[in-house]
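Trainee: What follows is a structure written as structure tokens; I'll ask about it next.
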Amino acid sequence: MDDVSVHGAPVLEETFYILSKKNTVYRVKLTEKGLSLQKESNGSTKIEIIRINDIVGCRCLRSKRRSAGSCACHPNAIRRNNLRVVDENSSEQDEKDISAYLYIYAYVLKKNRVKSGQKRERMTITLRFRSFDKYDDNMREAQKWRLAVKCLIKNKAIPRGILTSEDSQVTAQSFSHLEERKLLVLLNPKSGPGKAREIFQQRVVPMLAEAEVCFDLHVTKHANYARDFVCTKNIYQWRGLVVVGGDGIMFEVINGLFEREDWQKAVKELPIGVIPCGSGNGLAKAISYAVGEPYDQNPVLISTLSVIKCRCTPMDLVRVETKSQFLFSFLSVGWGLLSDIDIESERLRAIGGQRFTVWSVARLIGLRTYRGRLWYLPVAGCKVQSPQNYVSGLTRSVSHCAETGNKPPDIFPPSSYTPVHPSRSYHDSIDVHYRPLQGGYCDEDAATDSLSLENSLVHTLEDSGDGVESGRPRLDSYYSAASRHSAYFSTAGSEYRSLADNGSYMGVQGGGDIQPRRLNSSVRMYGPPSQLPALTQPVPDHWSSIEGDFVLVHASYQSHLGSDCLFAPNSKLADGVIWLLVIRAGISRSQLLQFLLGLSSGTHLLVPQAEMIPVTAFRLEPETSGGHITVDGEAVDYGPIQAEIMPNLANIMSM
Ligand SMILES: Nc1ncnc2c1ncn2[C@@H]1O[C@H](COP(=O)(O)OP(=O)(O)OP(=O)(O)O)[C@@H](O)[C@H]1O
């Protein structure tokens with residue numbers, strides 16, 4: 001929500017009331033850009049805007065019939081002022097209530113009261129349609145709004161005639177052009193501290209339900225399961241791939257796509273999303289950093305919004321070649337200190353992201369250096385300049401590349417709308433309801449637990465006199481992730497393939513089970529051809545080189561290596577640059593400590609010995625044995641390695 005006005009002619013407009021507040025009128029307008037709530041009360045006017053981009057979905061519901069024994073004195077009585085709603089096709093409808101309820105779900109930017117900056121909060125707007133004396137007529141009005149909102153969210157044309165004619169019916173057919181294929185969700189139950197299942201079930205699924213995003217969930221059974229899955233299945237039955245886990249399973253998915261002969265079609269047609277549940281989560285953070293979303297307050301919420309909005313954004317990949325294989329990397333190639341920390345801290349996986357901090361201290365005490373040679377191809381046209389905004393008061397010069405000026409695609413081109421059709425509604429009512437997502441939960445059962453508190457925060461409505469108790473809107477528990485109706489909650493049409501209680505895999509569709517396999521050099525990879533000489537050939541003469549002892553050589557093509565590691569502050573998702581950081585031997589422990597501490601804010605680049613070089617390709621030849629070389633945090637063969645940027649090769653989901 002913000003102060004900008006909603007431009008353009010309204011698609012729909014309507015007047016609503018809050019029954020408990022006499023002399024208060026809400027004029028609600030839906031336009032191409034958003035929902036405008038104009039509150040008029042005692043001569044003053046206040047406008048709130050909810051951007052279309054912040055709205056994830058909406059639903060039409062009807063009030064639920066009360067159980068026969070419900071009364072104020074009965075222990076199980078439904079509390080007064082507690083509206084219960086059900087799906088319009090439910091057999092539990094309250095026939096006495098002729099109102100139709102439109103629930104609009106949004107995640108709006110709000111000022112963060114605790115820390116500076118912003119955060120996203122869930123907001124539910126409930127519009128109650130009851131100006132007609134028949135439920136069907138009220139529901140028809142609500143459905144018109146629902147259709148218009150959903151078309152605007154998806155940037156699709158609103159079917160002609162629906163809004164212009166009072167007699168026109170919104171039918172299931174009216175929504176047919178909004179139907180989408182499902183998403184494929186690959187969930188690693190062993191990611192990070194092992195909470196991926198719970199996070200998905202409790203925090204992601206309710207948001208997907210609000211957006212009516214259908215998915216097929218597959219829970220991985222072993223390492224390389226996700227890789228084999230995307231490599232062998234007919235993935236075009238889905239419209240995108242969502243990884244619930246860390247950067248390791250994302251690495252598997254990306255490389256699985258390049259094991260396909262039809263890799264070009266796969267990477268073009270299937271955008272990839274990530275819900276961060278690992279210990280590093282560098283990509284999830286980098287995506288939100290690139291689009292300026294407030295990630296840290298609620299990483300899962302922001303990442304789920306990216307999946308729901310599914311704005312296809314190009315991202316560079318890097319083709320990496322070792323002695324025994326070539327592979328595709330989205331995050332980093334490393335040798336030395338940071339790779340040692342990454343690999344050796346694996347044993348502390350259970351403590352999540354803290355493992356990196358703990359192991360950094362250990363490696364700092366037992367500091368190692370490595371001998372080798374580094375060649376690189378600097379980015380053409382890059383000058384040594386003062387760094388951009390990321391560190392205030394920075395005095396040292398750092399090499400960096402001029403911004404490419406890549407402009408994100410405009411996904412909201414103007415579309416055609418039918419003229420506004422003010423309905424005859426008069427006695428409709430509105431409820432605007434914020435719920436801060438502490439911890440990110442948005443299941444309605446959780447809201448029920450804090451019902452009394454919530455009630456005091458929202459408008460308390462009086463009984464409207466038509467047999468409906470109005471008040472804080474609450475979805476029926478069936479819609480909740482924590483519902484007892486199902487162990488796993490799914491949106492309509494979604495399917496789950498998860499580990500059964502006995503540990504067996506409940507594969508249903510999509511072919512047989514996937515057996516574990518060991519990846520080795522015999523794995524056949526496809527992808528764009530390399531422009532570099534083979535590893536066995538000398539590098540071109542015009543490349544630069546450094547030879548000697550190193551503390552680390554670490555390359556990244558994302559801003560963040562982990563959610564708390566701003567490694568390359570100037571990096572963009574698709575800037576065509578590998579950001580190569582070199583620290584040579586000779587740096588003191590205190591400077592190295594300063595470097596490590598600065599990684600969370602990007603101030604590590606203030607350490608004089610940390611040299612950041614923007615390149616398009618590099619080759620590394622270690623001479624010292626016994627270290628680790630990592631690609632996206634995964635250990636690869638220790639030995640010569642080379643990497644080259646492949647601009648815009650993948651598509652990721654962003655807001
Ligand atoms: N069912 C499974 N059992 C064991 N390991 C698995 C399973 N599924 C995937 N894996 C492996 O787990 C590894 C780590 O997964 P993931 O990246 O999701 O978490 P993480 O390593 O904690 O996070 P990050 O990579 O962000 O640090 C991956 O390399 C993947 O091969």
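Please treat every number below as a calculation from the coordinates, not as lab data. Since the model is a prediction, treat every value here as computed from it, not as a measurement. Ideal geometry is used to build each Cβ from the backbone, glycine not excepted, and the neighbour counts take in all protein chains shown.
Trainee: Pick out, in residue order, every one of the chymotrypsin sites (Phe, Trp or Tyr not before Pro) in region 553-603 that is DSSP loop and has at most 13 other C-beta atoms within 10 Å; say none if there are none.
Mentor: none
Trainee: Something else: Excluding residues fewer than 8 places away in the same chain, name every one of the lysines whose C-alpha is closer than 25 Å to that of residue 110.
Mentor: By straight Cα distance, residue 110 reaches 29, 33, 39, 46, 119, 150, 154, 285, 309.
Trainee: Using a Förster distance of 35 Å, how high is the FRET efficiency between residue 164 and residue 265, based on the Cβ-Cβ distance and rounded to 0.05?
Mentor: After rounding to 0.05, the efficiency reads 0.30.
Trainee: So, one more: So how far, in whole Å, is the C-alpha centre of region 338-377 from the one of region 637-655?
Mentor: 21
Trainee: What is the spin-label model distance, in nm, from residue 21 to residue 114 if the labels are put 7 Å beyond Cα along the C-beta direction?
Mentor: Label at residue 21, label at residue 114, 2.8 nm between them.
Trainee: Filter the GluC sites (Glu not before Pro) in region 220-261 down to the DSSP loop ones having no more than 11 other Cβ atoms within 10 Å, then list what survives.
Mentor: Those satisfying the criteria are 261.
Trainee: Under a 5 Å amide H to amide H cut-off, with H placed in plane at 1.01 Å, what residues pair with residue 246 once short-range neighbours are removed?
Mentor: 277, 278
Trainee: Sticking with this structure for a sec: Sequence-distant or interchain residues sharing an amide H contact under 5 Å with residue 575, placed H: which?
Mentor: 316
Trainee: Calculate the length of the line joining the C-alpha centroid of region 156-218 to that of region 609-630, in whole Å.
Mentor: Result: 44 Å between the Cα centres.
Trainee: 5 Å is the cut-off here: which amide hydrogens, built 1.01 Å from N in the peptide plane, fall below it relative to residue 131, excluding neighbours closer than 5 in sequence?
Mentor: Under 5 Å from the amide H of residue 131 lie the amide H atoms of 426, 427, each far enough along the sequence or on another chain.
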